[in-house]
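The values are calculated or read from the model by the stated rules, or taken from the named source; none is laboratory data. The structure presented is a predicted model; accordingly, all values stated were derived computationally and were not measured. Here the Cβ positions follow ideal geometry from the backbone for every residue, glycine too, while neighbour counts run over all protein chains shown.
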Amino acid sequence: MFFTTKTLHRCLCRGYRTLQPTIKDQLSSTPIGSILEAKGFVKSIRNSKNVSFLDITDGTTSKNINVVLLGKEQPKFQIGQSIAIKGEWNMSKSGSSQEFELKYNSKNSDHSYQIIGTVPEDYPLQKKATSMSFLRTLPSLKHRTSTISSFYRLRSFLETSMMEFFNSQDFTKVYPPLITSSDCEGAGETFKISKCEDFFEKQAYLTVSTQLHLESLALALNRVWSLSPCFRAENSKTSRHLCEFWMLEAEICYLDDLEPLLDFTESMVKFATKKVVENYKDEYLNGVYIDKEVVESRWNSILDKEWQRMTYNEAIQLINEKGVDSLKFGDSLSLDHERFLASHGPIFITDYPKSMKPFYMLNSKDYSPEKSTVACFDLLLPEFGELVGGSLREHDYDSLVNSMKKHQMSIEEMKWYLDLRKNGTIPHGGFGMGWERFINYLSGHDNVRDIAPFPRAPSLCNA
Ligand code: 4AD
């Protein structure tokens with residue numbers, strides 16, 4: 001018999017399955033004619049004279065189990081109930097949208113059902129289409145909807161793909177702290193931890209980026225990555241900002257040029273996107289009520305061609321030439337500018353003015369004191385804006401101390417970080433990618449608040 005690697009892996013893992021089968025498992029491996037007990041929520045009900053149909057979902061896949069209830073004395077179910085139902089597993093009639101169905105017949109003594117959890121009459125997730133803004137008012141129930149649960153499964157799939165990608169490139173996944181004594185980005189957007197002066201005997205914060213700790217770990221392990229929560233007290237009430245979000249960060253040693261870092265970032269995003277297209281497309285598209293053309297056009301925009309690269313200077317020149325705006329060196333790029341720059345596909349904008357960026361960035365290769373820039377980049381996506389920010393890091397002790405002094409930072413507080421530059425320093429660099437933003441883009445959706453299960457934003461912290 002011929003096995004694909006995926007099937008083989010599933011077979012090997014099957015030996016370790018100790019829990020009851022899920023609907024995902026049942027759909028892929030139940031022999032026709034056998035008795036099957038499905039457990040899940042009732043998602044929809046259609047009644048006709050002598051037969052009724054139920055769709056049951058348990059969240060493990062976007063696919064449902066279709067149940068056919070036969071006979072005059074049919075049990076009565078309600079949408080939203082959690083149930084267990086036992087019947088015979090059959091091929092569906094030709095013309096049916098589903099391949100298989102579970103036939104329940106009250107006259108058959110092998111068949112049975114149980115209502116595990118009841119619902120009130122006004123259970124809010126009825127079959128009719130619901131808007132995202134309505135779902136946001138249901139912080140505990142919205143996760144059961146087809147579209148939102150598909151976002152979560154896509155997110156989980158992408159994390160596995162990233163694990164595969166980084167493993168293939170000799171990275172070690174590391175676990176930096178979330179409580180820190182430093183403000184990595186120096187933007188004053190940290191959440192301060194109360195009572196910590198008594199506890200830690202100093203001020204401590206929730207991390208805005210784990211980069212500084214990753215640098216320390218990279219200088220031991222060569223290549224490291226992490227996927228961790230970050231917290232920013234940013235008063236941005238947009239569809240792209242959260243106060244608590246996850247950032248995928250990587251830090252790489254022996255990098256003294258920006259180009260390999262851009263190559264690496266591009267290949268990482270392309271790898272994960274290709275994985276979705278090749279291994280997850282049907283599962284994802286089956287579940288979401290989102291324009292499928294939008295979803296696929298986003299995937300294609302990532303995969304279709306090599307991404308453009310442009311310096312900040314070239315970018316403001318283009319913006320001025322095309323009459324989009326009138327910018328001078330040192331002006332920041334707005335979302336509209338970013339969308340204009342990425343109108344033909346993903347684009348890296350590199351070498352921003354030093355004055356706009358944090359203390360840790362290395363000067364650009366063609367640094368000039370008149371228009372001083374740093375070796376950094378933002379990755380911009382079409383109609384979306386920034387997804388990734390990264391840079392080469394200043395690895396020289398004296399230059400870093402100078403930069404910190406200019407940013408009025410405490411050298412004493414940052415001794416642990418500076419020590420890296422005194423003890424076998426290595427040119428290095430890395431980046432951070434907004435994880436919810438990435439999922440948002442690939443999902444075809446347009447709001448990170450629906451990608452985070454319990455979004456935290458200004459005036460939003462319910463549940
Ligand atoms: O550009 P940022 O601020 O870069 C850093 O924090 C670096 N220290 C990362 C590094 O080099 N290791 O943030 C990186 C990315 C952004 O491009 C954006 O996608 C995401 O993090 N991000 C947010 N996502 C959601 N909500 C917010 N408030 C975000 N702020 C940044």
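Summary of values
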{"read-out": "Leading residue by the ranking (farthest from the chain's Cα centre (by Cα)) among those in region 157-201 that are at positive phi and without any contact (Cβ under 8 Å) to a residue 60 or more places away in the chain", "value": "Glu201"}
{"read-out": "Every pair of residues 6+ apart whose Cβ atoms lie under 7 Å, when the first sits in region 211-227 and is over 10 Å from Tyr175 (Cβ atoms) and acidic (Asp, Glu) while the second is in a helix (DSSP H, G or I) and away from the ligand (no atom under 13 Å from the Cβ)", "value": "Glu215/Leu420"}
{"read-out": "Of all residues making up region 373-409, the number that are of a type in the set (Val, Ile, Thr), over 18 Å from the mean Cα position of the chain (by Cα) and within 15 Å of the ligand (Cβ to nearest atom)", "value": "1"}
{"read-out": "Unmet requirement for Ala463, which otherwise passes all of (1) small (Gly, Ala, Ser); (2) at pLDDT below 95; (3) within 11 Å of the ligand (Cβ to nearest atom)", "value": "(3)"}
{"read-out": "Close pairs (6 angstrom Cβ cut-off, 6 or more residues apart or separate chains): at pLDDT below 95 in region 345-360, aliphatic (A, V, I, L, M) and away from the ligand (no atom under 13 Å from the Cβ) anywhere", "value": "none"}
{"read-out": "Those residues of region 356-372 which are in a loop (DSSP other than H, G, I, E, B) and either within 13 Å of the ligand (Cβ to nearest atom) or within 21 Å of Phe264 (Cβ to Cβ) (or both), in sequence order", "value": "Lys357, Pro358, Phe359, Tyr360, Leu362, Ser364, Lys365"}
{"read-out": "Pick from region 304-316, criterion of a type outside the set (Ser, Thr, Tyr) and surrounded by 14 or more Cβ atoms within 10 Å (Cβ to Cβ), ranking: nearest to Ser149 (Cα to Cα)", "value": "Trp307"}
{"read-out": "Hey, Thr180 β-branched (Val, Ile, Thr) and within 30 Å of Glu201 (Cβ to Cβ) or not", "value": "yes"}
{"read-out": "Selected residue [outside any loop (DSSP other than H, G, I, E, B), among the aliphatic types (A, V, I, L, M) and surrounded by fewer than 16 Cβ atoms within 10 Å (Cβ to Cβ)] from Ala220, Ala250", "value": "Ala220"}
{"read-out": "In region 186-217, the residues that are in a helix (DSSP H, G or I) and surrounded by 15 or more Cβ atoms within 10 Å (Cβ to Cβ)", "value": "Cys196, Gln211, Leu212, His213, Leu214, Glu215, Ser216, Leu217"}
{"read-out": "Subset of region 253-282 that is in a helix (DSSP H, G or I) and among the acidic types (Asp, Glu) - its residue that is farthest from Leu221 (Cα to Cα)", "value": "Asp282"}
{"read-out": "Given (1) in contact with a Pro (Cβ under 9 Å, 6 or more places away or on another chain); (2) more than 16 Å from the ligand (Cβ to nearest atom); (3) closer than 30 Å to Leu221 by Cα; (4) among the small types (Gly, Ala, Ser), number of the condition Ser168 does not satisfy", "value": "(1)"}
{"read-out": "Qualifying residue in region 415-429 (condition: in a strand (DSSP E or B) and not β-branched (Val, Ile, Thr))", "value": "yes"}
{"read-out": "Residue within region 264-278 that is closer than 14 Å to Gly432 by Cβ, within 12 Å of the ligand (Cβ to nearest atom), among the aromatic types (Phe, Trp, Tyr) and under 22 Å from the mean Cα position of the chain (by Cα) present", "value": "no"}
{"read-out": "Verdict on Ser156 being more than 30 Å from Tyr417 (Cβ to Cβ), of a type outside the set (Val, Ile, Thr) and surrounded by fewer than 13 Cβ atoms within 10 Å (Cβ to Cβ)", "value": "yes"}
{"read-out": "Residue identified as small (Gly, Ala, Ser), touching a helix residue (DSSP H, G or I) at 6+ places or on another chain (Cβ under 7 Å) and farther than 23 Å from Asp450 by Cα among Ser161, Ser182, Ser168", "value": "Ser182"}
{"read-out": "Qualifying residue in region 410-429 (condition: surrounded by 23 or more Cβ atoms within 10 Å (Cβ to Cβ) and within 15 Å of the ligand (Cβ to nearest atom))", "value": "yes"}
{"read-out": "Output for region 335-366, where each listed residue is loosely packed, with under 13 Cβ neighbours inside 10 Å and within 28 Å of the chain's Cα centre (by Cα)", "value": "Asp336, Ser343, His344"}
{"read-out": "Residue that is nearest to Ile439 (Cα to Cα), among those in region 283-298 that are among the hydrophobic types (A, V, I, L, M, F, W, C) and not in a loop (DSSP other than H, G, I, E, B)", "value": "Val295"}
{"read-out": "Region 200-255, residues that are acidic (Asp, Glu) and away from the ligand (no atom under 12 Å from the Cβ)", "value": "Glu201"}
{"read-out": "Test: residue in region 141-151 that is within 16 Å of the ligand (Cβ to nearest atom), surrounded by 15 or more Cβ atoms within 10 Å (Cβ to Cβ), under 22 Å from the mean Cα position of the chain (by Cα) and modelled with pLDDT of 95 or more", "value": "yes"}
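For every residue, the table says whether it meets (1) among the charged types (D, E, K, R); (2) farther than 30 Å from Ala457 by Cα.
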{"site": "Val67", "(1), (2)": "no, yes"}
{"site": "Lys93", "(1), (2)": "yes, yes"}
{"site": "Tyr104", "(1), (2)": "no, yes"}
{"site": "Thr118", "(1), (2)": "no, yes"}
{"site": "Ala129", "(1), (2)": "no, no"}
